Amino acid sequence: MLLVFGAVVGVVVAFVAFFFLKGVGETQQYVFATLPHEVGYDAQPIWWPLPWLALAGLLVALAIRYLPGTAGNKPAEGFKAGESVRPIELPGIAIASFATLSLGVVLGPEAPLIAIGSGIGVLAVHLIKKDAPAMASVVVGAAGSFAAISTLLGSPLVGAFLLMEAAGIGGALMGVVLVPGLLAAGIGALIFIGLDAWTGFGTFSLGVPSIPPVGSPRGPEFLWAVGIGLAAAVLGTAIRRVAVFLQPIVERRMALLTPVVGLAIAGLAIAFVEGTGRSSSFVLFSGENQLAPLIHTAADWSVWALLLLMACKGLAYAASLSSFRGGPTFPGMFIGAAGGIALSHAPGLPMIAGVAMGIGAMSVTMLGLPLTSVLLASLFLEADAVRLMPLIIVAVVVAYVTSARIAPPKTPNAAPPPAATPASVAPTVGFAPTEE
């Protein structure tokens, strides 16, 4: 029965995830590319992000305040997976995340998709069998999360690794959750392919095409891996500290201050445009769609422009983590890639190797998931992944150990996490304690 539920949920979640991501992409394109021309501008005016980021802040604040639940997990408190989502919370999650993602906030879609998939799975169990045991809701909800994240990552296997590592699933429970989850993820991936053929919208791929080949790793590159791991741990921890510091301040007057944070994010994008003459999209949004253009035009970027990009994107990322709803994965990867490109101007570091190590090191700093971080870096770089994996592993391990050492202290008055129960089988993964 769990396998049947998993298969059905995989189909439904794939449909929802496909059109959710397509809607986000189309809204981004219309608001930031088409609409300026429709209202009479030859190009996007430099002030254009200001009203849209303020609107995003207002919509998110209203969803958090007036809709059931908290409109999803607070990204400043870390990446969370394995928690069952009540179906009544789905409208708030969908509205807040859609506003966040489509109007330029620097967060990704992975966390909302995981939550939406879980909520749909729990809803399916309640609709079909109201007296189902709590564990059935947990397992089918996890299957929905598997299907949702695999559609985004383009790989059921990588999605499974992400959720298992984030949720800390092991032992006998792994088999109970993993098999329905993998089935849902596989069916969801097939549905995505079918929807591409049916709608012509295209598929969602994170791989960067046409990247230059790399040779076998050399000694200096391993030294660079250690340095990049240390630098990413310091930078990522600084971003997290700023986010944790800002979050309680914004929450005191959310309806007023969340739009103000949105304006600050837009201001950082404007500062980057003024300083470099490049598109504001490199600072806005989560970054997975801008990563390929950044890599392909790496030779055209000066070190100064890359450092300014990292500073503006990093501050906008911290502000977004503190106030909005979305995932923390892709902005960190983008900042890591930009840092790797900047360091490749120094001798002994090929550009693609720097990008790979930067992506992996920043991912593990922001997520705390070493295995997933290695796989994500490999997923983006596709053809070069096998040769670069030893370097990525070294950078990831160094960043993981260093960031754990210098992580922000836990809140003194936070309650200890409860013991695992069938309804709550997954710990919080991240840099701040769970608020009960």
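The values are calculated or read from the model by the stated rules, or taken from the named source; none is laboratory data. Worth saying up front: this structure is predicted, and the values here are computed from it rather than measured. Every residue, glycine among them, receives a Cβ derived from its backbone with ideal geometry; neighbour counts consider all protein chains shown. Quick note on the areas: whole protein, heavy atoms, side chains included, nothing else; ligands and nucleic acids left out. Shrake-Rupley method; radii C 1.70, N 1.55, O 1.52, S 1.80 Å.
Determine the calculated [θ] at 222 nm for the chain from helices alone, applying -39500 (n - 2.57) to every DSSP H run no shorter than 4 residues and normalising by the residue count; nearest 500 deg cm²/dmol. Mean residue ellipticity, 222 nm, calculated: -22500 deg cm²/dmol.
How big, on average over all directions, is the shadow cast by the Cα convex hull of region 255-388, in nm²?
8.1 nm²
Surface composition of region 33-138: carbon and sulfur make up 67 percent of the accessible area, probe 1.4 Å. In this structure the amide hydrogen of Gly327, modeled in the peptide plane, comes within under 5 Å of the amide hydrogens of Gly108, Glu110, Ala111, none closer than 5 places in sequence on its chain. Each residue was assigned an accessible area with a 1.4 Å probe, and for Phe245 the value is about 130 Å². Among the helices of the chain, those built from whole DSSP H runs whose Cα atoms reach 15 Å or more along their own axis and whose mean Kyte-Doolittle hydropathy is at least 1.6 are 2-29, 110-128, 134-153, 156-167, 172-199, 254-276, 351-367, 370-381, 385-405.
Computed in the context of the full set of protein chains, the accessible area of region 216-268 at 1.4 Å probe radius has 76% of its extent on carbon or sulfur. Heavy-atom accessible area for Arg86, with the other protein chains in place and a 1.4 Å probe, reaches approximately 130 Å². Each Lys and Arg contributes +1 and each Asp and Glu -1, all at the Cβ; summed about the Cα centre of the chain, the dipole is approximately 720 debye. The alpha carbons of region 1-79 give a radius of gyration and a Dmax of 18.1, 58 Å, in that order. The alpha carbons of the chain stretch over 62, 53, 53 Å along the principal axes, in descending order. Ranked by the mean number of other Cβ atoms within 10 Å of their residues, highest first, the peptides 213-222, 137-146, 397-406 fall in the order 137-146, 397-406, 213-222.
Sorting Trp224, Trp48 on solvent-accessible area from highest to lowest, probe radius 1.4 Å, gives Trp224, Trp48.
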